[in-house]
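What follows is a short report on a single structure.
The values are calculated or read from the model by the stated rules, or taken from the named source; none is laboratory data. Quick caveat, the model's predicted, so the values are computed rather than measured. So basically every Cβ, Gly included, is an ideal-geometry build from the backbone, and we count neighbours across all protein chains shown. All accessible areas refer to the heavy atoms of the entire protein, side chains included, with ligands and DNA or RNA removed. Shrake-Rupley method; radii C 1.70, N 1.55, O 1.52, S 1.80 Å.
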Amino acid sequence: MDADSLLLSLELASGSGQGLSPDRRASLLTSLMLVKRDYRYDRVLFWGRILGLVADYYIAQGLSEDQLAPRKTLYSLNCTEWSLLPPATEEMVAQSSVVKGRFMGDPSYEYEHTELQKVNEGEKVFEEEIVVQIKEETRLVSVIDQIDKAVAIIPRGALFKTPFGPTHVNRTFEGLSLSEAKKLSSYFHFREPVELKNKTLLEKADLDPSLDFMDSLEHDIPKGSWSIQMERGNALVVLRSLLWPGLTFYHAPHTKNYGYIYVGTGEKNMDLPFML
């Protein structure tokens, strides 16, 4: 959700029970404005909150003028002091995939994981137990990256692609119509396309290259991983992810108000294919 309209956005997303105390809201309003100024971001998004056992991580993201350029991620434990997180790498994701359970809420906390490694001594091969330490900060970076790639979404038409390549905010976007807002095909993944490149020319024939340049939600696997609900007498559409419980997307049809927020434990629902 856009930090410039934070209070309205939190109000629209509150149907899922994801709110913040008045002092946290006041701190976020001020500190995110300073983050935008100091880091010289084009836009700042309040990404959400990852619940820890000791403390919670409040997450914000800074966007450059090109909206699909890699986003800079910051975290805070008190909503006033923000620290920049390193970009996620494949090694980080692989390393932290072995960690299960809740976050602690301490970035310097180290998880211990035991791995079996084969050791050659002459002709004999032994299996040796090695303890690998994984910092919670590494796991935090990895989980945010996974959630962004899997369930960060925007409505069709909110961004447009220029012929020269960069992606910008569409100033003429006036919201989806009520009938469009009820369809999964009206929402895109807020990242570089993956599935679009595999489509045939015939499938791409009806697509507008300036608007339909990202992957649609209708082909997400597993099918049925999104819940769409109309709230407030059809004045608000809410999408909830069943794959990453805690991710809520909201959009008020015929208005520019849209956004998403994640409030959860940072754990993926691995049982979803068996629950559908």
Only residues that are assigned to a loop (DSSP other than H, G, I, E, B), buried (at least 19 other Cβ atoms within 10 Å of the Cβ) and out of contact with any helix residue (DSSP H, G or I) (no Cβ under 8 Å at 6 or more places or on another chain): list them for the stretch 221-276, please.
G246
Name, by its number, the condition in (1) open to solvent by 70 Å² or more (accessible area, probe 1.4 Å); (2) on the phi < 0 side of the Ramachandran plot; (3) at pLDDT 85 or above that does not hold for S83.
(1)
Tell me the residue from G62, G48 that is assigned to a strand (DSSP E or B) and either among the aromatic types (F, W, Y) or on the phi > 0 side of the Ramachandran plot (or both), please.
G48
Where a residue in the stretch 9-33 is farther than 16 Å from F249 by Cβ and its partner, wherever it lies, is open to solvent by 40 Å² or more (accessible area, probe 1.4 Å) and at pLDDT 75 or above, with Cβ under 6 Å and at least six apart:
S27/T80; S31/T80
Any residue in the stretch 142-163 that's at positive phi: show its pairings with residues that are surrounded by fewer than 21 Cβ atoms within 10 Å (Cβ to Cβ) and not aromatic (F, W, Y) at Cβ separation under 8 Å, as long as the two are six or more apart or on different chains.
G157/N170; G157/L211
For the stretch 20-44, which residues satisfy the criterion of being surrounded by 15 or more Cβ atoms within 10 Å (Cβ to Cβ) and among the small types (G, A, S)?
S27, S31
Starting from residues that are touching a Lys or Arg at 6+ places or on another chain (Cβ under 9 Å) and in a helix (DSSP H, G or I), keep the ones in the stretch 87-108 and report whichever is least open to solvent (accessible area, probe 1.4 Å).
S96
Only one of these is out of contact with any helix residue (DSSP H, G or I) (no Cβ under 6 Å at 6 or more places or on another chain) and either assigned to a helix (DSSP H, G or I) or basic (K, R) (or both): E81, E11. Name it.
E11
Whichever residue in the stretch 127-185 is under 23 Å from L74 (Cα atoms) and of a type in the set (D, E, K, R) and, among such residues, is most open to solvent (accessible area, probe 1.4 Å)
K149
Only one of (1) farther than 30 Å from E91 by Cβ; (2) modelled with pLDDT of 85 or more does not apply to P163, and that is (2)
